[in-house]
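Data first, discussion second: the structure below is written as structure tokens.
Just so it is clear, none of the values below were taken in a lab; they were calculated from the coordinates. This one's a predicted model, so the numbers in the text were calculated from it and none came from an experiment. Cβ atoms come from the backbone with ideal geometry, glycine included; neighbour counts cover every protein chain shown.
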Amino acid sequence: MTEHTKTDGLPELDNSLIPQALDRSRPRNERMQTDKVECNACPVLCQISAGRSGACDRYANQDGVLIRIDPVVLLRRTLDTAKPMLVPFASTETNPDWNGDLLRADEIFVTGVGSSTTYPDYKPAPFIVSSQVQGVDMVTVVTEGIFSYCSFKVKIDTDRYLGPEQANVRCKGEVVGHVTTAEYGSQMLSLGGVHHLTGGSKKEGRITVEMMEALGNKQPVEFTIDGGSQVLIQAGKAPIVNGVQEQRMRVGCGSAAVGIFAKQLYGLADEVVVVDDHITGVLTEHQAGRCLDMPRSGIQMRGRKSTPGRYFQVAGPGTGWGGTDIADPLSIIESWDADIAKPGMRLLMTSTTGEHACWYVLNDKLEPVEQAMPANVRAVVERIGENCEPSLASVMFLAGAGGSLRAGVTENPIRLTRAIKQALVNVTCGGAPAYVWPGGGITVMADVMRMPDKSFGTVPTPAIIAPIEFSMRMADYERLGGHMDYVRDLAHVLKSGAWHNDGAPQARVWHAVGEGNAWPLAQMPMLG
Ligand code: SF4
């Protein structure tokens, strides 16, 4: 048995739920044992024994019938923010609470989550659903795409140094991504992608795809960064850097913090230094101090002066003050100009989050001596902290849908690409709004926190399975060469499941609006 035909034990199926039966009519491979069924939903072509699931754990052999194990996730338009309901499809027998109102098509949106995959791509997508919105005939093409070209861009709100730009990011020892350009208040990672999925060893590909599935499904994943930190990332949660949970995202860079709080510190201190790995601010030199007519303090800073009151590279990067490697803030002061500085001068040093702050007074030798911070100064430092947002890890799914997946939508793929660029088609991922990048292809980006739970799966090719939906006017669908023979209304879809089924799928209803998303079919620009 090769890796691709290994099967795991069939997870216990809830008999009260109606499985989605797939491709019963497919001819059995002659060499296949009689109790096996072949899954043709991806190139692996698993031969699955009775009572077992395929290599991806998405399909199983139940009594000789290939079934899709997970429910199809529907979005239900509601303002109810309660937990998502589990609703067996079109069945009041198994769910007495279900009021059978599935025909209210304007409140139901079929997502790609659990919709099944059609392979090869020239087959029409499993669900091509017609509906009416504001009196306009619409269609939504729904599928679980197989993505080899996909990655996650991760934004980690922290000042702390995670590692040098371009450094390898590892998961379970394998390289799965790299550190990319830092953004304002955040460190950025690029994880997964075709290079790690297909260009390295088999182990690298396997660990990459497992990492991507977990990260997309909002699970915690631990990474180590070469020459940097260990970081635990979970979408929508505070990152944990070297075992310490991050609390605050900086209010701004050192220069910005000086500008924001200059007036509030005026008269309370003779000098203020906001320590920052990138741009350290020095109030009396800074334009903010000049505007307030503050006299220079005579402080001489280490690092490279950029413009008045703005210093680069005052220390190395690290997990200390303001994302630097320092524990003692005085180490970034070179000296004091004896012609300007005077004993008794008051100095505030703070980090960009206010988590670190010290108060000093110059002695007769012009040496800063730490003293208890006055209450009015402490109040400003606390306000710096108050202005920091909670630190979060944000995970964006980025995928290329401009390849063969388009053939499941239309016989003339370039027309789909053009229609998307012309804003005739709304692209969603599990109902979450997807940003479509400009330029060629269909490169989409979606926030995993706005997608239903367990939106992502894997196949051992290796590749990521992710939901994608294309919504447009029926007339436009026809014009772009859509598979018109496969268009079915919601009632039909809900009764019979994917077009290649002979049974209705189970379904799970997700409260879309309660999850913070706009209603997918209300995002159509052509509907005004
Ligand atoms: S890996 Fe999954 S989708 Fe692919 S053939 Fe096997 S069971 Fe089907």
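Between HIS492 and ASP226, what length comes free when the chain is fully extended (0.36 nm per residue of separation minus the Cα-Cα distance, one decimal in nm)?
Details: separation 266, 0.36 × 266 = 95.76 nm, distance 5.36 nm.
Full extension from HIS492 to ASP226 adds 90.4 nm.
Could you pull out every residue, at least 5 positions away or on a different chain, whose amide H is within less than 5 Å of the one on ILE299? Hs are placed 1.01 Å off N in the peptide plane, and Pro or chain starts have none.
Amide H neighbours of ILE299: ASP337.
For region 134-139, just list the computed ³J(HN,Hα) in residue order, Karplus coefficients 6.51, -1.76 and 1.60, θ = phi - 60°, integers in Hz, with x standing in for Gly and Pro.
6, x, 9, 6, 10, 9
Quote to one decimal, in nm, the extra length available between TYR122 and MET445 on full extension: 0.36 nm per residue of separation minus the C-alpha distance between them.
Values: separation 323, 0.36 × 323 = 116.28 nm, distance 2.43 nm.
My answer for the length gained is 113.9 nm.
Output wanted: per-residue J couplings in Hz (rounded whole) for region 403-415, from phi through Karplus 6.51 cos²θ - 1.76 cosθ + 1.60, θ = phi - 60°, x for Gly and Pro.
Going residue by residue, I get x, 5, 3, 5, 5, x, 9, 8, 7, 10, x, 4, 5 Hz, with x marking Gly and Pro.
So how far apart, in nm, are the two label points at LYS263 and VAL361 if each is 7 Å from Cα heading toward Cβ?
Rounded to a tenth, the inter-label distance reads 2.9 nm.
Note down the nm distance, to one decimal, between modelled labels 7 Å out along Cα→Cβ at ASN168 and at LEU292.
4.9
Can you tell me the FRET efficiency between VAL369 and GLN219 if r is taken as the Cβ-Cβ distance and R0 is 41 Å, rounded to the nearest 0.05?
Details: r = 50 Å, r/R0 = 1.21.
The calculated FRET efficiency here is 0.25.
Just grab the label-to-label distance for GLN132 and ASN242, each label 7 Å out from Cα along the Cβ direction, in nm (one decimal).
6.4
Give me the Å³ per residue figure for the convex hull around the C-alpha atoms of region 254-390. Spell out each step's value before the answer.
Working: hull volume 13.2 nm³, N = 137.
About 96 Å³ per residue, rounded to a whole number.
Bins of 10 Å, beginning at zero and ending with the bin holding the largest distance: percent of Cα pairs per bin for region 122-202, please.
Result, from short to long distances: 15, 30, 19, 18, 15, 2 percent.
Starting at the first residue of region 199-210, write each ³J(HN,Hα) from the Karplus equation 6.51 cos²θ - 1.76 cosθ + 1.60 with θ = phi - 60°, in whole Hz, x for Gly and Pro.
x, x, 6, 4, 5, 4, x, 5, 5, 4, 5, 5
Find, among the GluC sites (Glu not before Pro) in region 145-252, those assigned to loop by DSSP (not H, G, I, E, B) with at most 16 other beta-carbon atoms within 10 angstrom. Let's see the in-between values first.
Details: sites: GLU165, GLU174, GLU183, GLU204, GLU210, GLU213, GLU222, GLU246; in loops: GLU165, GLU246.
When the GluC sites (Glu not before Pro) of region 145-252 are filtered for loop state and at most 16 Cβ neighbours within 10 Å, GLU165 remain.
What is the extension gain from ARG378 to ASP57, computed as 0.36 nm multiplied by their sequence separation minus the C-alpha to C-alpha distance, in nm to one decimal? Kindly include the intermediate steps, with their values, before the conclusion.
On the way: separation 321, 0.36 × 321 = 115.56 nm, distance 5.62 nm.
Contour length minus the Cα-Cα distance gives 109.9 nm.
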